[in-house]
Amino acid sequence: MSGPAAPSPAAPTPRSTRGRATTAYLLTCAAIGVAGGVMLWGAGWISTVLFATVPFVSVAIAGLWLLPATVALRLLERPFAGILVGVISGLVVFPFLGAAIWWAFFAELAFLVTLYRSWRTWQYYAGAVFVGAIYPVLAAASFDLWAMEPWALITFFALTIASCVAGVALGILVADRLRRAGVAKLARRRGLAARGLGRGSGPAGQH
C-alpha cells in the first residue's frame, strides 16, 4: 500500500497576494525615492549655485525634479506613487524637501485630474508643459521675471518648459526599460484595464 498523499501546497489567497503587492509597491517607491534623492541632492546644490550666479541658467535643470516621480508613475501606474516617491526623495535631500514634493505633485497632477482612470503618455508631457509654464510665474519675484526684456522672458519660459519635457522624457525612458526588464511586475497597477476603467501606455499596457 502506498502511504498517504503529500498535501498540496495551499494556493495563495487574494489577501496574501495583495499584501505582497503592497510590500513590493512600497519597496519599489523607496528604491526610486532614495535613488532620486541622491540625484536631486546634486541637482539642488548645483541649482542653488547657478541661481546665485546665473539665475537664468538655473532653470535648465528644473526638469530633473520631475524625474523620480515620473519613473514611479510610469513604472507602477498607481495613484500617489509620484507623490510618495517625492516625499522619500525629499527626506533624502532634506534641505530641498518642499521642492521635491512640489515637483512630484505636478508630475502626478495630470493623472489625479482623471481620478487615475487614464495613464496615457501624453499626460506625462501635458504635466511637464503645465509646470514648466507655471513655475516661472510662481517664482517671478525670485527671478525678477517681469523686468526682463521680451526676448529674455520668452527664452526663459521656453527653457523651463524644454527642461521639464526633457526630464519627463528621460523618466519615461528609464521606467520603460525597467519594465521590460521585469522590474516591479508584482507592484504594478492591475485590473482596471480589464474592467474598462483605465488604460496604460507603457510597453506592456495595463495588465
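Laboratory data are not the source of any read-out in this text; all were calculated from the coordinates shown. Just so you know, these numbers come straight off a predicted model, no measurement behind them. When we count neighbours, we look across all protein chains shown, and the Cβ atoms used for this are built from the backbone with ideal geometry, even at glycine.
Per-residue counts of other Cβ atoms within 10 Å, averaged by peptide: what ranking do you get for 21-32, 62-73, highest first?
For the peptides 21-32, 62-73, the packing ranking is 62-73, 21-32.
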Separation of the PHE56 and TRP122 label points, Cα + 7 Å toward Cβ, nm
3.5
How compact and how long is the range 21-187, expressed as Rg and Dmax of its alpha-carbon atoms in Å?
15.8, 53
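Rank by packing, highest mean first: peptides 154-166, 45-57, with packing defined as the count of other Cβ atoms within 10 Å averaged across residues.
Numbers: 154-166: 18.1, 45-57: 13.3.
Put in order of decreasing packing, that is 154-166, 45-57.
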Quick one: length gained pulling VAL49 to LEU112 fully straight, 0.36 nm per residue minus the C-alpha distance?
19.3 nm
What is the distance in Å between the Cα centres of the range 57-115 and the range 139-189?
10
